[in-house]
Amino acid sequence: MKKAIKLISLLMALILTLGLFTGCTESNLSVEDDGDLETLTMTVGVPADSSNTDWREIISLWMEDMELYYTFDLKIVSVPTEEAGYKDFMKKVDRGEIAMFIAEPSAMTEQLRLDESLVEVDTIQKEYTALYDDISEAALDLAMEEDTYHWAYPLSGSYQGLYYNTEIFEQHQIAVPTNWAELLTAVEGLKTAGVTPIAAGFADEGLNYMVDELILSEGGVADHSYQPTFGIVSSWERAIQHLKELETAGAFTSDCYNNTFDNAVDSFLNGQAAMIVAPSTAFNGALDLDTTGFMGLPATSTGKRGANAIVGELEYGVYFSLKYYQKQDERYMEALIDLLNDDYITSPDLYNMLKDEGTFSAVKSYYDDAENNIEECLGEILTAEGSEADLPMSKHLYTFDNLVDAFRNVLTGADMETELLAAAQTEIQAAEEAEAQETEKD
């Protein structure tokens, strides 16, 4: 069934369960006396899809279960995906006519935040301190704006890191590396066994992922999200040195700078290579989830990367209208709290309707019953105390592609200091120009 239809089923189920626990409410969460029954009405936004033909049948099953408590008047609106539809939708959220919606982060959600139309979820958590208890710290990191605030309650995300073929490691009795020294040892063992240690497609975006991971492994989250203000960033310099170290150790094929990332993915999937650095969205359903493991690229020998730090992005979150939340009738607030605390939103069944091989659940308890090896690996990272995540560097830097080109140039013979200094200066100039444009708008 299509993902958006599953999302509708999810949201409607949440609303129905919400009705069960919140009791009487009124317009936009309204209640009218009707004998022993109450009619509850709420307007919600769900991801747009070209075909919504099956959702009514799905929801009717839930409504049958809940008819003992309520009759429902549920209004569903699609969250727009094109700029032409943003304006009307945003007005309705701002007025509290749309109580909540599920969406991916976008220009629209960013503008709603800037317009102060959304609830800052942390304000809810201050009063209801258990709100985040079952949410991964890494997922909360990815839902954070301006390193301070959460405007979405995270549901799922995508991730990036080092994938490895467990069968190859077992066949050649090589330990899966957990640190940089062990990674170099594994490279040597795999090379001796005639297996390409790490599939690399550095002719295109494959080098982007490697640079992204290496800078996190070298500098930790702080340097990974750092925007240069002068000179060469030392963690960039050390990341190049460690990439050279891997290359010298024979981690990649000799044609890696002419090889595409798609070819590298194929080499990993067909068992020619034991490892690959890639985003979770790279495999198009072809990944064997039972014979594949996942981790962040280990911290370098001089690195600051935490053991449970990953690169990722928020995929879906729940956003709430501030006007709806601020209604004087406190039952409106209670309705939102019940929705966020509801057991259904954290249930494995709910996430199973949404997931694919490229997503992770923001809910820690989901991993109590991991279904495959990838989920076990993700669970170890996401449920650990001190788990953390950062957005890809392309989200922090205006000129990330330029930095990657600088890495490529150095690795193929150019002077490191010259290339990295030029990359830093280009980024500084781009940041200054962006700041000037924002100042003009104000």
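Could you please let me know if VAL277 is assigned to a helix (DSSP H, G or I), among the β-branched types (Val, Ile, Thr) and either in contact (Cβ under 8 Å) with a residue 24 or more places away in the chain or not assigned by TED's automatic domain parsing to the domain that holds HIS150 (or both)? No; evaluated as a whole, the condition is false for this residue.
The criterion of at least 3 residues that are touching a Pro at 6+ places or on another chain (Cβ under 7 Å), in the same structural domain as ASN402 (by TED's automatic domain parsing) and in contact (Cβ under 8 Å) with a residue 24 or more places away in the chain is met by the following helices (runs of 4 or more DSSP H) wholly inside the stretch 162-261: 180-192, 205-224.
Within the stretch 302-386, considering only helices (runs of 4 or more DSSP H) that don't extend past its boundaries, which have at least 1 residues that are out of contact with any His (no Cβ under 9 Å at 6 or more places or on another chain) and modelled with pLDDT under 70? Here the list reads 330-341, 348-354.
Checking the stated criteria, VAL93 turns out to be buried (at least 22 other Cβ atoms within 10 Å of the Cβ), outside the structural domain of LEU287 (by TED's automatic domain parsing) and out of contact with any Phe, Trp or Tyr (no Cβ under 6 Å at 6 or more places or on another chain).
Is it fair to say GLU120 is modelled with pLDDT of 90 or more, within 27 Å of ASP141 (Cβ to Cβ) and either in contact with a helix residue (DSSP H, G or I) (Cβ under 8 Å, 6 or more places away or on another chain) or exposed (fewer than 15 other Cβ atoms within 10 Å of the Cβ) (or both)? Against the criterion (modelled with pLDDT of 90 or more, within 27 Å of ASP141 (Cβ to Cβ) and either in contact with a helix residue (DSSP H, G or I) (Cβ under 8 Å, 6 or more places away or on another chain) or exposed (fewer than 15 other Cβ atoms within 10 Å of the Cβ) (or both)), GLU120 does not qualify. Whether any residue in the stretch 126-138 is of a type in the set (D, E, K, R), at pLDDT below 90 and in a strand (DSSP E or B) is what I want to check. Within the stretch 126-138, not a single residue is of a type in the set (D, E, K, R), at pLDDT below 90 and in a strand (DSSP E or B).
Annotation note: of ALA423, ALA384, the sole residue that is touching a residue at least 24 places away in the same chain (Cβ under 8 Å) and outside the structural domain of HIS242 (by TED's automatic domain parsing) is ALA384. Tell me whether the stretch 396-411 contains one or more residues that are of a type in the set (Phe, Trp, Tyr) and assigned to a helix (DSSP H, G or I). Yes - at least one qualifying residue is present in the stretch 396-411. In the stretch 255-310, of all residues being in contact with a Cys (Cβ under 8 Å, 6 or more places away or on another chain) and surrounded by fewer than 23 Cβ atoms within 10 Å (Cβ to Cβ), the one that is farthest from HIS242 (Cα to Cα) corresponds to GLY293.
The values are calculated or read from the model by the stated rules, or taken from the named source; none is laboratory data. Bear in mind the structure is a predicted one, so any value in this text is a computation, not a measurement. All Cβ positions, even for glycine, are placed from backbone atoms using ideal geometry, and neighbour counts span all protein chains on display.
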